[in-house]
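Here the structure comes first, spelled out in C-alpha cells, and everything after it is commentary.
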Amino acid sequence: MLVTGTLLTACTADQRQSVSPTPTETAGPGRNLDVGALVIPPAAAVMPRTWRERFVIPYGTGEVLLGTSPGGEGGSMDLGPESGAPGPDGTWWFLDAAKKRLAHYDANGGYLGQAKIPKNLLVNRTYFQWQLPHVLADGTLFAARQSEEGTHLLRMRDGVLDEVAVDGSFSPIFDDGSRLYGFDDTSELVVVDPNDGSLSSTKVLRTASGASFSFGVTRRGLRIVLPGTGVSKVLPTTTASGSPAHVGIQVRAGADEVIHLFLTGAGEDDESVQLVGATLIDAAGHVADVEPLSNPFTPADPGSPAQLAMAPGSSTPMLVYVDTDGVHVYERTVSSE
C-alpha cells in the first residue's frame with residue numbers, strides 16, 4: 001500500500017530567530033545520509049543523544065496534572081492520556097480522557113489551563129473517545145472518534161468546542177496545516193477538509209506550500225517518491241541480521257523540507273524483539289540510516305503508545321511517549337562533537 005506526505009514552509013517567531021539546519025546537519029554527526037536499505041534496530045535502553053527530553057507531565061489529581069483511567073483485566077492498569085499535539089505558538093494540547101478535557105501546557109510543560117468537554121460532545125454523554133490530535137496552522141485543534149455512522153472530528157477553534165461529521169470514515173495520519181489526511185475504511189488514502197467534513201481520495205499528501213511526496217510500505221520495503229526531484233525508489237526494511245522487518249510508519253515534514261519517519265515493528269527472525277527507530281529523508285531524496293529509540297510500549301499505553309509530532313511551521317520533530325509515570329515529550333536536537 002502506498003502512503004504519501006509533504007513539506008511545510010511557515011516559520012514561527014522563535015524559529016525565525018535562528019538558522020534552520022541543513023539536511024546533513026539534521027542527520028547528526030557521523031550519520032549516513034544515503035542508505036540503500038533501512039535496518040530497523042531493536043528498541044534502545046535510553047533515547048540517543050540526538051533526542052532530548054523537553055518535559056514530563058506527571059499523573060495525578062487536580063488541574064495541573066494529567067489523569068489516568070483504569071484499564072486492563074479488572075482495571076488493574078492505569079492508562080494515560082490519548083497523546084497530544086503542539087500548536088503554531090509552541091504550546092501543547094493533550095487529550096486528557098480521564099478528566100474529560102483538553103489540557104493546555106506551554107513549550108516547557110508549564111500548565112496553562114484546560115477546555116472541559118461538554119456532555120453533549122461525549123459519547124452517551126459520558127465517554128471521551130477522541131484520538132489522533134492535530135493542531136493546524138491557524139491554531140485550530142482537531143481529534144477523531146469513530147462511530148457506526150463514520151468519523152467525527154472534535155474541533156476547538158478560538159476556544160469554542162464543537163463537532164464536525166466527516167463524509168465517511170478515516171483515521172488522520174498527517175496534516176498540511178489546513179487539511180487532514182488518512183486512510184478510509186477500505187485502506188485508501190483520503191484528504192478531509194475539517195471545516196465541513198468533505199472527504200475525497202488522493203494520491204499524495206500536500207504541505208502548506210503545495211509540495212508533495214509519497215511513501216509507503218510495499219512487499220519489497222519502503223517506497224519513496226518525490227515528484228519535484230524525480231526520486232522514486234524502494235528501500236528494503238530489515239533487521240540487523242538481514243531478515244525482513246515489518247513496520248508501521250508515522251510521518252511529519254518540516255519547514256526545512258526534511259521528512260521525518262517514526263518506525264515501529266518486528267522482524268521475521270525474532271518477533272519478540274520490539275523494533276523502534278527514526279529516520280529522515282532530505283529534500284533531494286537521500287535517506288538517513290535509522291537511529292534506535294527507546295521502547296514506547298508501556299502498561300500505561302491507551303492504544304497510541306507514541307506519536308510523532310511537529311508544530312506547524314517547525315522543523316523540529318518531537319515524540320510523545322505515554323509512560324507509566326507521566327507523558328514524556330522528546331525533541332530531536334543536533335548533537336555536537
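The values are calculated or read from the model by the stated rules, or taken from the named source; none is laboratory data. These figures come from a predicted structure and were not determined experimentally. Note that each Cβ is placed from the backbone with ideal geometry, even for glycine, and that neighbours are counted across all protein chains shown. Quick note on the areas: whole protein, heavy atoms, side chains included, nothing else; ligands and nucleic acids left out. Shrake-Rupley method; radii C 1.70, N 1.55, O 1.52, S 1.80 Å.
Any idea how far apart V273 and D138 come out in nm if each label point goes 7 Å out from Cα toward Cβ?
4.9
Rolling a 1.4 angstrom probe over the protein heavy atoms, how many square angstrom per residue are accessible across the chain?
Value for the chain: 43 Å² per residue.
Ignoring any ligand, DNA or RNA, what whole percent of the accessible area of the chain comes from carbon and sulfur when the probe is 1.4 angstrom?
49
Using a cut-off of 22 Å between alpha-carbon atoms, which lysines can reach K99, once sequence neighbours fewer than 8 places away in the same chain are excluded?
Once the sequence-local lysines are set aside, what remains near K99 is K116, K119.
Cα centroid distance between the range 93-138 and the range 286-337, in Å?
First find each Cα centre; the distance between them is then 20 Å.
Got a sec to turn the phi values of the range 255-260 into Karplus ³J(HN,Hα) couplings, 6.51 cos²θ - 1.76 cosθ + 1.60 with θ = phi - 60°, whole Hz, x for Gly and Pro?
5, 8, 6, 9, 9, 10
What number comes out for the charge environment of L154, summing +1 per Lys or Arg and -1 per Asp or Glu over other residues with Cβ under 14 Å away?
Within the 14 Å Cβ shell, the charges total +3.
May I ask you to evaluate 6.51 cos²θ - 1.76 cosθ + 1.60, the Karplus curve with θ = phi - 60°, for each residue of the range 132-143 and list the ³J(HN,Hα) values in order in whole Hz, giving x for glycine and proline?
Karplus values, whole Hz, x for Gly and Pro: 6, x, 9, 10, 8, 5, 8, x, 6, 9, 10, 9.
Estimate the FRET efficiency between R52 and L112 by the formula 1/(1 + (r/R0)^6), using the beta-carbon distance for r and 25 Å for R0, to the nearest 0.05.
Computed FRET efficiency for R52 and L112: 0.70.
Need one number: nm distance between label points at T186 and N124, each 7 Å from Cα along Cα→Cβ, rounded to one decimal.
3.3
Please list, in order along the range 89-105, the HN-Hα scalar couplings obtained from phi with the Karplus expression 6.51 cos²θ - 1.76 cosθ + 1.60 (θ = phi - 60°), rounded to whole Hz, x for Gly and Pro.
8, x, 7, 10, 10, 10, 7, 8, 4, 4, 9, 6, 7, 9, 9, 10, 9
Largest first, how would T91, T324 line up by accessible area (1.4 Å probe)?
Descending order: T324, T91.
If you rank K99, K119 by how much accessible surface each has, with a 1.4 Å probe, what is the order from largest down?
My answer, sorted largest first, is K119, K99.
In nm, to one decimal, how far is the modelled label at D196 from the one at D167, with both set 7 Å along Cα→Cβ?
Label-label distance for D196 and D167, simple model: 0.8 nm.
Taking amide hydrogens as modeled 1.01 Å from N in the peptide plane, which residues meet the under 5 Å criterion relative to L205, leaving out close sequence neighbours?
Amide H to amide H, under 5 Å and 5 or more residues apart or across chains, L205 pairs with T4, G5, F213.
Among all the lysines, which ones have a C-alpha under 22 Å from K233's C-alpha, if same-chain residues fewer than 8 places away are not counted?
Straight-line reach from K233, under 22 Å: K203.
For A45 and S243, FRET efficiency with R0 = 22 Å and r from the beta-carbon atoms, rounded to 0.05?
Computed FRET efficiency for S243 and A45: 0.50.
So if R0 is 51 Å, what FRET efficiency would S232 and T61 give, r being the distance between their Cβ atoms, rounded to the nearest 0.05?
It comes to 0.45.
Grab the DSSP H runs of the chain that are 4 residues or longer, score each as -39,500 (n - 2.57), total them, divide by all residues and round the 222 nm result to the nearest 500 deg cm²/dmol.
Helix-only estimate at 222 nm: -500 deg cm²/dmol.
What do you reckon, how do R332, R125, R219 stack up by accessible area (1.4 Å probe), largest on top?
Highest to lowest solvent-accessible surface, that is R219, R125, R332.
Provide the solvent-accessible area of L199, counting protein heavy atoms only and rolling a 1.4 Å probe, rounded to the nearest 10 Å².
Estimated to the nearest 10 Å², L199 gives 50 Å².
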